Amino acid sequence: MFHVRNAGTIDLRDEDGALLRVARMGGCFGPSDYERKAASLDGYAKRHYTRDEVERLAATGRVDVLLLHDAPTGVRFEGRGRRPDRVSDAAGLDDLVARVRPRVCFFGHHHARVDADVAGVRCIGLNLVRRPGNLVAVEMAPRGRDWSVLGEWPQAPHR
């Protein structure tokens, strides 16, 4: 288990020395806090990410796996939850995905198992714990950009 600071990265190496760079952007979008500096947030506002954090993480360059709390702008949640057919408006995360070009991006927050394409990057939304699609195992080739889904638990209904 590793801790990755918000808007940070960690480099992992396998036994052959192949590098896997993982990046993290926690928090959800808060329109009133997005333009503030992260260091100035306190109390409830600390649950939001900020533009300066997005810019700092985007400046790190390409990553292999991007972990987001919120879904990038434009991700559709069709027929799920109390607000069916909604679209994420989480500012800056779509730009972050486009700039760091991860091999795969995972997000939560919306409590729905979805697949989305953001700037040509496959993004996987994870469900609540113990609900279909809350865990997704992927296999990544040590070199290159190829990867595949090995399985999900609990098994998601066929889409």
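The values are calculated or read from the model by the stated rules, or taken from the named source; none is laboratory data. Everything numeric here is computed off the predicted structure, so don't read it as measured data. Glycine also receives a Cβ, built like all others from the backbone with ideal geometry; neighbour counts cover every protein chain displayed. Remember, those area values only see protein heavy atoms, side chains included, never the ligands or the DNA or RNA. Shrake-Rupley method; radii C 1.70, N 1.55, O 1.52, S 1.80 Å.
Quick one: pull the percent of accessible area on the chain belonging to carbon and sulfur, 1.4 Å probe, ligands and nucleic acids left out.
Working: 4670 of 9200 Å².
Within the chain, the accessible surface is 51 percent carbon and sulfur.
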- prompt: Between residue 46 and residue 18, 0.36 nm times their residue separation minus their Cα-Cα distance comes to what?
  reply: 6.6 nm
- prompt: When ligands, DNA and RNA are left out and all protein chains stay put, how many square angstrom of accessible area per residue does region 111-159 have with a 1.4 Å probe?
  reply: 65
query: Largest first, what is the accessible-area ranking of 107, 29 with a 1.4 Å probe?
result: 29, 107
- prompt: Given Cα pairs under 8 Å that are at least 6 residues apart, what percent is the relative contact order of region 1-127?
  reply: 20
- request: Return, in residue-number order, each cysteine of the chain whose C-beta is not under 4.7 Å from any other cysteine's C-beta.
  value: 28
- request: Add +1 for every Lys or Arg and -1 for every Asp or Glu among the other residues with Cβ under 13 Å from the Cβ of residue 19, and state the total.
  value: 0
statement: Length gained, residue 1-residue 89, 0.36 nm per residue minus C-alpha separation, equals 28.6 nm
query: residue 153 to residue 115: FRET efficiency via 1/(1 + (r/R0)^6), r the Cβ-Cβ distance, R0 22 Å, to the nearest 0.05?
result: 0.85
field: Charge sum, other residues only, whose C-beta stays under 14 Å from residue 141's C-beta, Lys/Arg counted +1 and Asp/Glu -1
entry: -2
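Around residue 154, under 9 Å between beta carbons, what's the net of Lys plus Arg minus Asp minus Glu among the other residues?
Summing Lys and Arg as +1 and Asp and Glu as -1 gives +1.
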statement: Plugging the Cβ-Cβ distance of residue 55 and residue 10 into 1/(1 + (r/R0)^6) at R0 = 30 Å yields, to the nearest 0.05, a FRET efficiency of 0.95
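Rounding to the nearest 20 debye, state how big the charge dipole of region 1-64 is about its Cα centre with +1 on each Lys and Arg Cβ and -1 on each Asp and Glu Cβ.
So the magnitude is around 260 debye.
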